[in-house]
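Have a look at the structure below before the remarks.
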Amino acid sequence: MTAGTGTSRRSALKYLGAGGVAASALLTACTSVQEGQNGGRSGPFPGTPQWRFVFVNHVTTNSFFVPTRTGLADAAALLGVPEPQWTGSENGNVAQMASAMETAITGKADGIAVALTDDNAFVDLTKRALGQGIPVIAYNADAAGNYPLTYVGQDLYLSGFRMGQRIAQKVTSGDILVGISQPGGNNVQPRLDGITDALKQAAPGVRVQSVNTGAEQAGELNAMTAAYTGNTAAKGIYAVDAGSTAACAKLIADRGLTGKIGGGGFDLLDDTVTGVQAGALDFTIDQSPYLQGFLSVLYLYLFRLSGTLVAPPVTDTGLTFVTKENVSPYATAKSRFEGGDNKDVIAMPGSIPLPPASVLSR
């Protein structure tokens, strides 16, 4: 999400009209907690109905979202509500996503979390949901001109810009290939834009050749391989999504390019982590997908429980560069927080690295 596109409860209610029928509907729906109706208690909270939340996703079977689904399930279990429905499209089909969101609205869901991968397709649906008293949160991707109560996910443009700055430390001229699963999609295009803008400043001699890898993981390696075969002089192979990054790692390793060419991308699929460990990738970027599920459920729950008084905040889920120096915990923990099956608490290290000075000065 780029600066200035974040939304809030205040802006949504302002659009709906403070005191208007739609705003009243949202307030009424979110204050109708009936003690013990169909549900139980969670910690200090009162009994609530079995609120039914729906997540609308653009690639429902993609490995990246395994920790997101773990996070939403964990939050629901902690709060004593049913596990949210996971629906949408398997291959980035916006019409299928819009249909799934419409079904959630028609079915009177108690809250909707939607990846706003398109600027236009979800605007009227978001208005309808809010007007019917259904809170809407954007996660993983946000859209300018829409009205979700908030956004939970990475600052996508900034992550791309920081990645471009890092690429410029290694590649100063020539072509680089950058895989992107859904060109134009709000979940990945801002990253590519950020990379391009950063390189214009830091390494203007670098030319970015974007590679459309498609939304289905199975085809991403083929797309990256074909692009490299057509441009073997490329100085780096990068990507802005999870599947394409894993494909970059495998391509670099299979072609014997480790240490000879730059490589990097996003997220923590197994091939990506292995690629960082082996040096095929210089880095990958962790955006904490677990939090995108967990916090979205928590925010919807608290918004309803408080009668709209606990406004969900815009939440940047992070930008951590994972390199050979710090990849070990990702490779060995197999943690539920990163898509693994290890549910045990992981022992804390003897010391915790200081965060960057830029974080401390915020």
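The values are calculated or read from the model by the stated rules, or taken from the named source; none is laboratory data. Since the model is a prediction, treat every value here as computed from it, not as a measurement. Virtual Cβ from ideal backbone geometry, glycine too; neighbours counted across all protein chains shown. Note: accessible area is taken over every heavy atom of the protein model, side chains too, but ligands, DNA and RNA are not part of it. Shrake-Rupley method; radii C 1.70, N 1.55, O 1.52, S 1.80 Å.
Brief remarks on what is shown
- Some residue of segment 60-72 being more than 17 Å from the chain's Cα centre (by Cα), at pLDDT 95 or above and surrounded by fewer than 24 Cβ atoms within 10 Å (Cβ to Cβ): no
- Taking the listed residues Asp197, Asp282, Asp270, Asp254, the one that is modelled with pLDDT under 95, open to solvent by 10 Å² or more (accessible area, probe 1.4 Å) and over 19 Å from Thr117 (Cα atoms) is Asp270, with no other qualifying.
- Only listed residue being farther than 30 Å from Val54 by Cβ and buried (at least 24 other Cβ atoms within 10 Å of the Cβ), chosen from Ala249, Ala226: Ala249
- The one condition in (1) closer than 18 Å to Phe161 by Cα; (2) among the charged types (D, E, K, R); (3) in contact with a strand residue (DSSP E or B) (Cβ under 8 Å, 6 or more places away or on another chain) that Lys235 fails to fulfil: (1)
- The residues of segment 290-299 that are within 21 Å of Lys334 (Cβ to Cβ) and open to solvent by 10 Å² or more (accessible area, probe 1.4 Å), listed by number, are Tyr290, Leu291, Phe294.
- Among the residues of segment 75-110, those that are open to solvent by less than 80 Å² (accessible area, probe 1.4 Å) and assigned to a loop (DSSP other than H, G, I, E, B) comprise Gly80, Val81, Pro82, Pro84, Ser89, Asn91, Gly92, Asn93, Gly107, Ala109, Asp110.
- Inter-residue pairs, beta-carbon under 6 Å, first in contact (Cβ under 8 Å) with a residue 12 or more places away in the chain and in segment 41-66, second open to solvent by less than 10 Å² (accessible area, probe 1.4 Å) and assigned to a strand (DSSP E or B), 6+ apart: Phe53/Gly111; Val54/Ile112; Phe55/Ala113; Val56/Val114
- Scanning segment 309-328 for residues that are over 22 Å from Asp155 (Cβ atoms) and surrounded by 19 or more Cβ atoms within 10 Å (Cβ to Cβ) returns a single hit, Val327.
- Among residues of segment 84-105 that are more than 23 Å from Gly133 (Cβ to Cβ), those with a Cβ under 6 angstrom from a residue that is among the hydroxyl-bearing types (Ser, Thr, Tyr), sequence gap 6+ or separate chain, pair up as Glu90/Thr60; Glu90/Thr61; Gln96/Ser89.
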